[in-house]
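Q: Input: one structure, supplied below.
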There are 4 protein chains.
Amino acid sequence: MAASKLAVGVLGASGYTGAELLRFLGQHDGLRVEVLTGDRMAGKEIAEVFPHLGPQRLPRLVKIEDVDFADLDIVFCCLPHGTTQEVLRDLPHNVKIVDLSADFRLYDPKLYAEVYGHSHKAVDLQKEAVYGLTEHYREKVKATRLVANPGCYTTTCELPLIPLLADELIERDPIVIDAKSGVSGAGRSVKENLLFNEVLDGFSAYGVGNHRHAPEIDQCLGDFASGEIKVTFTPHLVPMVRGIFATIYVRLKPGVLVPDLQERLEESYRDEPFVHVLPPKSLPSTKHVRGSNHCLISVHPDRIEGRAILLAVTDNLVKGASGQALQNMNVMMGLPETMGLTMGPMFP
Amino acid sequence: MAASKLAVGVLGASGYTGAELLRFLGQHDGLRVEVLTGDRMAGKEIAEVFPHLGPQRLPRLVKIEDVDFADLDIVFCCLPHGTTQEVLRDLPHNVKIVDLSADFRLYDPKLYAEVYGHSHKAVDLQKEAVYGLTEHYREKVKATRLVANPGCYTTTCELPLIPLLADELIERDPIVIDAKSGVSGAGRSVKENLLFNEVLDGFSAYGVGNHRHAPEIDQCLGDFASGEIKVTFTPHLVPMVRGIFATIYVRLKPGVLVPDLQERLEESYRDEPFVHVLPPKSLPSTKHVRGSNHCLISVHPDRIEGRAILLAVTDNLVKGASGQALQNMNVMMGLPETMGLTMGPMFP
Amino acid sequence: MAASKLAVGVLGASGYTGAELLRFLGQHDGLRVEVLTGDRMAGKEIAEVFPHLGPQRLPRLVKIEDVDFADLDIVFCCLPHGTTQEVLRDLPHNVKIVDLSADFRLYDPKLYAEVYGHSHKAVDLQKEAVYGLTEHYREKVKATRLVANPGCYTTTCELPLIPLLADELIERDPIVIDAKSGVSGAGRSVKENLLFNEVLDGFSAYGVGNHRHAPEIDQCLGDFASGEIKVTFTPHLVPMVRGIFATIYVRLKPGVLVPDLQERLEESYRDEPFVHVLPPKSLPSTKHVRGSNHCLISVHPDRIEGRAILLAVTDNLVKGASGQALQNMNVMMGLPETMGLTMGPMFP
Amino acid sequence: MAASKLAVGVLGASGYTGAELLRFLGQHDGLRVEVLTGDRMAGKEIAEVFPHLGPQRLPRLVKIEDVDFADLDIVFCCLPHGTTQEVLRDLPHNVKIVDLSADFRLYDPKLYAEVYGHSHKAVDLQKEAVYGLTEHYREKVKATRLVANPGCYTTTCELPLIPLLADELIERDPIVIDAKSGVSGAGRSVKENLLFNEVLDGFSAYGVGNHRHAPEIDQCLGDFASGEIKVTFTPHLVPMVRGIFATIYVRLKPGVLVPDLQERLEESYRDEPFVHVLPPKSLPSTKHVRGSNHCLISVHPDRIEGRAILLAVTDNLVKGASGQALQNMNVMMGLPETMGLTMGPMFP
């Protein structure tokens, strides 16, 4: 290993986003994984927690308080929201951070407190945070030392909407987002409603009318729209492991036609390696992106004139979490943006 | 078997709705299955087509042209649309019919031709047909000899909307229906996109902006609303076998509140054996109705004032097809409406 | 309800076998469910624990110590092994019992202690217990007041083997049983390895070389064989909810041919309503019995002469648990054996 | 692209093994894909056949007769058995071949004719073929120009058995192999029994007593054993997309103990990058290798002395097909054996 490789730490390596990140880090030539934390699992080999990682050579899990952060160039934080704000606040300044939790996504600590039910513990650090929807905040990501990696629902909903709102091709209201997620979006939580027997061959909604991702979407879309945004957002649980599917109902501005939306989106994403606008009448499936960092988007006329339906798919653990995190790290570190992320989707 | 038992024929017994109907007919004390047709399978035992029906004593499959309809009291037609209009037209008048196809659902033969791509071949019979959403057309079903059994999507969408439109609690536009179906909704068609490998762990949409069920929904809702209806309707394919889940976005009329919707729906369905309005904040799952004739409905406030979200679930093969067909037969024949349909959902 | 209906109690109604039992009890005309217990859930409506049971009218859950057993005719015990031996021991003598746990299956309390890791707490009651593999212990079941309902694996393995061993058509060793189970066999336990994300699209073995069901199989087969039996038994976890599939490798006694096995099994089960021997070359699927009390059996020649392969399938929650329990109750109470159990499999 | 990159052709790119091969070829730095054939799909972009490959830059599909083989260094043949023997026979001699079909696996054309039902059409080429179970035929693979890539079942069964038979630690009879496969093992065939609705939540066996892979296993094991081998082999269909699980029942030679098997296997595979012997009591899952070229093996004592149970898992599309094909190509071409194959399993 060359001395010039980046030293990487992964906080919370015993969850699904941690594991998925390690899968991609193993394909990245420019770094070495030096530290893995997993509090309840400290002392164990990663193979005891994730047998599929056994063949990959990785350090033993340690407690977060036993990490010497001074030796690290970059830290990925894969822990649940609200648990590491103070840890990240106190890191040495030379360490760059990609935080996969929701902790630094909302600009306003008051809104954070409202949505997450406790006050923010690192308000100053919040000011430094850049929202890491790479394609639209790339220049800011390059310049920051803390990226707040977006959520999986939010990434999938924002990518098709931003260019259309930025160009005022669609109305700011109503925007109805009917979103569907695979079960891995809930993490490795051991809960009755996530048991195989409870999930297979069933479909349900949750967080109807008040899901935590809605304010994040409002904020991000507001960054590009000509005024405030408040979306209708309903998440659903699909009996599949991976994938986010967003069905988005929008209204065209007067004089705008559906092909205008298509054209605008194609233009926006023509040179993007991970965002692909499909030809008219194409129907994306989450299965077409599973295991990859891709997002597919399609545009459809509604049967009612002046209305359109946008479809977008991602893998919630990749473009919706660990893949985008690595993409952001590449940008922060001045590496090629696709490094470690070139493996295509696994199908079937 | 008593001589007074109804003699039943099932046309198209080799498809999923045929099989599901036979499962319920086997529990019904007031009838005997005398005829099963299955054109490509004629001459075979049903166990060769559906091994799970082996233990049930059933007649051998025959061709439709070999059936002596004069001996039958009731015929269920489980064939694809467009294939049996002439057969049904020419049946003896004493035979009652429940048609599970789309053939007689649309009142206007011109609309039928437009939606299904060929002219209607039994226009006169169409005039006799009653739309069999039992809870709302019960009196007409009692009086007719031909029931057009509603589609699975349509049943699930109409049940929550009819009482609210009838009482003018919600606006007639926009009504955005984001619907999700299990794969059995596509029947036993042998197509690449329905293969296990193509479906598992994936989610997709189809018929976006122009699905055939939309005009059926418009028509039925129009029967109860104060004016014409045109809904936005997007169907999706869920990697599960059974179940329809409808997420319906509506606007309240000025002065109406979400609890008013709840109350109105509870009132409407209080005495219905198969439609259940859940308490506020409940979240129905398709798994709670799988294998049964039940429909569950819940009502939720949107995060945007003046808007509400309705959820409804059914089993597409039961309340969305064969169960409702038997319910309609019971009504037509003056039998107790729940006869043969009392088995609860299979969970897990 | 007629006064003559049996009064039934279900202990442990908040698990899967409890729920499945209630589904079938709801179809049984000769009884009424008077008591449901669920210790952690006491005070709740069953719909809070199992929403799918909401439409069925059932009593509220109570604690086991609050039950007045004197009013009951029959008690089904759906609790984990080792938890209710003392409760059952102290029941009034007029109450009949079907115990679905493993508590009373092994004749020898010493063997029980060895296999289950604690001493038996109702040794006297053990002496009264009858092993409830209905088809082969029917006369004893009729006469007893305590049935030890067999396990799901054991039922599925014993049905094909008993007639062949009884008639000395196959060797007593080796008998290699490679068994596969759906995930509901593990009950509603909230464990990481039973999460949807961990199970879907994976297959694994467990209890290799030492599963608790093996001694139960040895004992039961020994009841019919000409000497002691010790089987090789490997259970596997299939990514499906319901179903047991047993692949059984046996050796023919000298002079015996595969068709002799077929004939013997057909003879044994010709008049049984729930056990079906398929024609030669048939391939049973667990999906052909799902949701029903049926067992399907087929017989196949191995590619090596003198050896045969037996296949058998059941639904672990029905013939492997609650269905057989109700079948045993019917026998104990002198009711028709199929009462409440006539609903066919749910397919697809 | 450097001129020194190998020019690769893939015959039959429209099947699952073709698609999976392309996924891995996209990660390989030493080659470029020049030709894709797909007869019924000729003229189409690969994205029309496999949308998930859209983002990967690949040539358009052509007919096999339109390929100029002279420009290619290596050809992967992903077509069904019996379809390309003559094509491969007539290739220019400088082109190396990895054939993923069963066409060149059996040494004896008479046995081939018996098993596959038609005479072999390239008997001379058969003589050149090397069986490509890389770990055990590596030197021969290096020297040949035609590799017959092993089947998925066979790879998974042979890896654990070869070292034990070679060292005479286990008896040559009985060897009972109870094997389980994901549905992708059947390819992209559009058949009723492979429909989602027919497969989900069901488990079944097929080819009982006479599957085509059994003679291939006999032959390969015979290459290493002290005498002829005839295994008992039963394949099963698991409701999952990917994965082979083999449960293998063996007898120890007198004096041999289970830890001897463990030790011998560890020794054999210590330096292999893709074959991993797990510590005693470990339980491999197909999910631990899904999407990767790994094989995991574990060894267990049976409850009957002198007998052992071996477990082995692979991904049928990777180590059981396209991954091993690329591994063989690397060996044939003198490249690092793991090139393009380093991506770890996808979990969950």
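The values are calculated or read from the model by the stated rules, or taken from the named source; none is laboratory data. Everything numeric here is computed off the predicted structure, so don't read it as measured data. Positions of Cβ are backbone-derived with ideal geometry, glycine not excepted, and every protein chain shown enters the neighbour counts.
Q: Any idea which residue in the range A:166-191 is surrounded by the fewest Cβ atoms within 10 Å (Cβ to Cβ), counting only those that are over 30 Å from C:Arg242 (Cβ atoms) and in contact with an Asp or Glu (Cβ under 7 Å, 6 or more places away or on another chain)? Before the answer, list the steps.
A: Here is the first cut: in the range A:166-191, the residues over 30 Å from C:Arg242 (Cβ atoms) are A:166-179.
So of that shortlist, the ones also in contact with an Asp or Glu (Cβ under 7 Å, 6 or more places away or on another chain) come out as A:169, A:178.
Details: A:Leu169: 21, A:Asp178: 26.
The residue in question is A:Leu169.
Q: When both residues are 6+ apart or on different chains and their Cβ atoms are under 9 Å apart, which pairs have a first residue that lies in the range A:331-343 and is among the acidic types (Asp, Glu), and a second that is surrounded by 15 or more Cβ atoms within 10 Å (Cβ to Cβ) and part of a loop (DSSP other than H, G, I, E, B)?
A: Close Cβ pairs satisfying both conditions: A:Glu337/A:Pro273; A:Glu337/A:Phe274.
Q: Inside the range D:108-142, can you point out the residues that are free of Cβ contacts under 8 Å to residues at least 24 places away in the same chain and either of a type in the set (S, T, N, Q) or surrounded by 20 or more Cβ atoms within 10 Å (Cβ to Cβ) (or both)?
A: Across the range D:108-142, the qualifying residues are D:Tyr112, D:Ser119, D:Gln126, D:Val130, D:Tyr137.
Q: B:Ser184 is checked against (1) over 21 Å from A:Thr234 (Cβ atoms); (2) assigned to a strand (DSSP E or B); (3) within 12 Å of chain A (Cβ to nearest Cβ); (4) not basic (Lys, Arg) and fails just one. What number does that condition carry?
A: It is condition (2) that B:Ser184 fails.
Q: Here's another thing I want to ask about it. Filter the range B:60-71 down to the residues that are surrounded by 16 or more Cβ atoms within 10 Å (Cβ to Cβ) and either modelled with pLDDT under 95 or farther than 19 Å from B:Glu86 by Cα (or both) and list them by number.
A: If the condition is that a residue be surrounded by 16 or more Cβ atoms within 10 Å (Cβ to Cβ) and either modelled with pLDDT under 95 or farther than 19 Å from B:Glu86 by Cα (or both), then B:Leu61 is the only one that fits.
Q: To continue, here is another question. Of the numbered conditions (1) farther than 16 Å from A:Gln324 by Cα; (2) in contact with a His (Cβ under 9 Å, 6 or more places away or on another chain); (3) aliphatic (A, V, I, L, M), A:Leu159 fails exactly one; give the number of that condition.
A: Looking at each condition in turn, A:Leu159 falls short on (1).
Q: Run C:Pro150 past the list (1) under 30 Å from C:Val331 (Cα atoms); (2) out of contact with any Lys or Arg (no Cβ under 8 Å at 6 or more places or on another chain) and report the number of the one that doesn't hold.
A: Condition not satisfied by C:Pro150: (2).
Q: Could you check how many residues of the range C:75-92 are crowded, with 19+ Cβ neighbours inside 10 Å and more than 25 Å from C:Ala186 (Cβ to Cβ)?
A: Of the residues in that region, 1 qualify.
Q: Taking the options C:Glu45, C:Glu65, name whichever one is within 14 Å of chain B (Cβ to nearest Cβ) and either over 30 Å from C:Pro336 (Cβ atoms) or touching a residue at least 60 places away in the same chain (Cβ under 8 Å) (or both). It would help to see each step written out before you state the result.
A: Values: C:Glu65 fails: within 14 Å of chain B (Cβ to nearest Cβ).
Within the list C:Glu45, C:Glu65, the selection yields C:Glu45.
Condition check ((1) aliphatic (A, V, I, L, M); (2) in contact with a helix residue (DSSP H, G or I) (Cβ under 7 Å, 6 or more places away or on another chain)) across all residues:
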position: A:Val8; (1), (2): yes, yes
position: A:Tyr16; (1), (2): no, yes
position: A:Leu22; (1), (2): yes, yes
position: A:Ile46; (1), (2): yes, yes
position: A:Leu61; (1), (2): yes, yes
position: A:Ala70; (1), (2): yes, no
position: A:His81; (1), (2): no, yes
position: A:Asp103; (1), (2): no, yes
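Q: Output the residues belonging to the range B:226-235 that are within 21 Å of the chain's Cα centre (by Cα), of a type outside the set (Phe, Trp, Tyr) and more than 7 Å from every other protein chain (Cβ to nearest Cβ). Full working, then the answer.
A: Looking only at the range B:226-235, we keep the residues that are within 21 Å of the chain's Cα centre (by Cα), and these are B:229-235.
Those left that are additionally of a type outside the set (Phe, Trp, Tyr): B:229-232, B:234-235.
Matches in the range B:226-235: B:Ile229, B:Val231, B:Pro235.
Q: For A:Gly323, indicate whether it is away from chain B (no Cβ under 14 Å), on the phi > 0 side of the Ramachandran plot and either in a loop (DSSP other than H, G, I, E, B) or buried (at least 22 other Cβ atoms within 10 Å of the Cβ) (or both).
A: Judged against the criteria, A:Gly323 is not a match.
Q: C:Asn210 versus (1) more than 8 Å from every other protein chain (Cβ to nearest Cβ); (2) at pLDDT below 95: which is the lone unmet condition?
A: For C:Asn210, the failing item is (1).
Q: Something else: Whether any residue in the range D:199-206 is in contact with a Lys or Arg (Cβ under 6 Å, 6 or more places away or on another chain) and over 18 Å from D:Tyr249 (Cα atoms) is what I want to check.
A: Taking the range D:199-206 and keeping what is in contact with a Lys or Arg (Cβ under 6 Å, 6 or more places away or on another chain), we get D:202-203.
Among the residues that remain, those that are also over 18 Å from D:Tyr249 (Cα atoms) are: D:202-203.
Yes.
Q: Could you tell me which residue of the range B:126-180 is farthest from B:Tyr269 (Cα to Cα), considering only residues that are out of contact with any helix residue (DSSP H, G or I) (no Cβ under 8 Å at 6 or more places or on another chain) and assigned to a helix (DSSP H, G or I)?
A: Filtering the range B:126-180 for residues that are out of contact with any helix residue (DSSP H, G or I) (no Cβ under 8 Å at 6 or more places or on another chain) and assigned to a helix (DSSP H, G or I), the one farthest from B:Tyr269 (Cα to Cα) comes out as B:Lys127.
Q: Could you list all residues from the range A:286-300 that are more than 22 Å from D:Pro345 (Cβ to Cβ) and within 7 Å of chain B (Cβ to nearest Cβ)? Talk me through it step by step, then tell me what you get.
A: Here is the first cut: in the range A:286-300, the ones more than 22 Å from D:Pro345 (Cβ to Cβ) are A:295-300.
Across the range A:286-300, the qualifying residue is only A:His300.
Q: If I filter the range C:1-13 for residues that are within 14 Å of chain B (Cβ to nearest Cβ) and charged (D, E, K, R), do I get at least one hit? Can you show your working first?
A: Looking only at the range C:1-13, we keep the residues that are within 14 Å of chain B (Cβ to nearest Cβ), and these are C:13.
From the residues that got through so far, the ones that are charged (D, E, K, R) too are none.
The answer is no; no qualifying residue exists.
Q: Check every one of the strands (runs of 3 or more DSSP E) wholly within the range B:1-116 and list those with 1 or more residues that are under 19 Å from the mean Cα position of the chain (by Cα) and basic (Lys, Arg).
A: By residue number, B:96-99.
Q: Still on this structure: Can you pull out every residue in the range C:260-278 that is out of contact with any Ser or Thr (no Cβ under 6 Å at 6 or more places or on another chain) and within 14 Å of chain D (Cβ to nearest Cβ)?
A: So the first thing to find is which residues in the range C:260-278 are out of contact with any Ser or Thr (no Cβ under 6 Å at 6 or more places or on another chain), and the list is C:260-272, C:274-277.
Matches in the range C:260-278: C:Leu261, C:Gln262.
Q: Failed condition for C:Asn193, given (1) closer than 23 Å to C:Leu79 by Cα; (2) at the interface with another protein chain (Cβ under 7 Å from one of its Cβ atoms), with all others met?
A: (2)
Q: Within the range B:105-117, is there a residue that is under 30 Å from C:Leu283 (Cβ atoms) and touching a Gly at 6+ places or on another chain (Cβ under 9 Å)?
A: Filtering the range B:105-117 for residues under 30 Å from C:Leu283 (Cβ atoms) gives none.
Taking every residue of the range B:105-117 in turn, none turns out to be under 30 Å from C:Leu283 (Cβ atoms) and touching a Gly at 6+ places or on another chain (Cβ under 9 Å).
Q: From the list D:Ala143, D:Ala205, D:Ala179, exactly one residue is at pLDDT 95 or above, of a type outside the set (Lys, Arg) and more than 30 Å from B:Val199 (Cβ to Cβ). Which is it?
A: Values: D:Ala205 fails: more than 30 Å from B:Val199 (Cβ to Cβ); D:Ala179 fails: more than 30 Å from B:Val199 (Cβ to Cβ).
That would be D:Ala143, the only listed residue that is at pLDDT 95 or above, of a type outside the set (Lys, Arg) and more than 30 Å from B:Val199 (Cβ to Cβ).
Q: Starting from the range B:14-28, keep only residues that are away from every other protein chain (no Cβ under 11 Å) and touching a residue at least 12 places away in the same chain (Cβ under 8 Å), then list their pairs with residues that are buried (at least 23 other Cβ atoms within 10 Å of the Cβ) and aromatic (Phe, Trp, Tyr) whose Cβ atoms are within a distance under 6 Å, requiring at least 6 positions of separation or different chains.
A: Pairs that qualify, where the first residue is away from every other protein chain (no Cβ under 11 Å) and touching a residue at least 12 places away in the same chain (Cβ under 8 Å) and the partner is buried (at least 23 other Cβ atoms within 10 Å of the Cβ) and aromatic (Phe, Trp, Tyr), are B:Leu21/B:Phe76.
Q: Can you name the residue in the range C:298-315 that is among the small types (Gly, Ala, Ser) and part of a strand (DSSP E or B) and, of all such residues, is surrounded by the most Cβ atoms within 10 Å (Cβ to Cβ)?
A: The first filter runs over the range C:298-315 and keeps only residues among the small types (Gly, Ala, Ser), leaving C:298, C:306, C:308, C:312.
Those left that are additionally part of a strand (DSSP E or B): C:298, C:308, C:312.
Numbers: C:Ser298: 23, C:Ala308: 24, C:Ala312: 27.
Among those that are among the small types (Gly, Ala, Ser) and part of a strand (DSSP E or B), it is C:Ala312.
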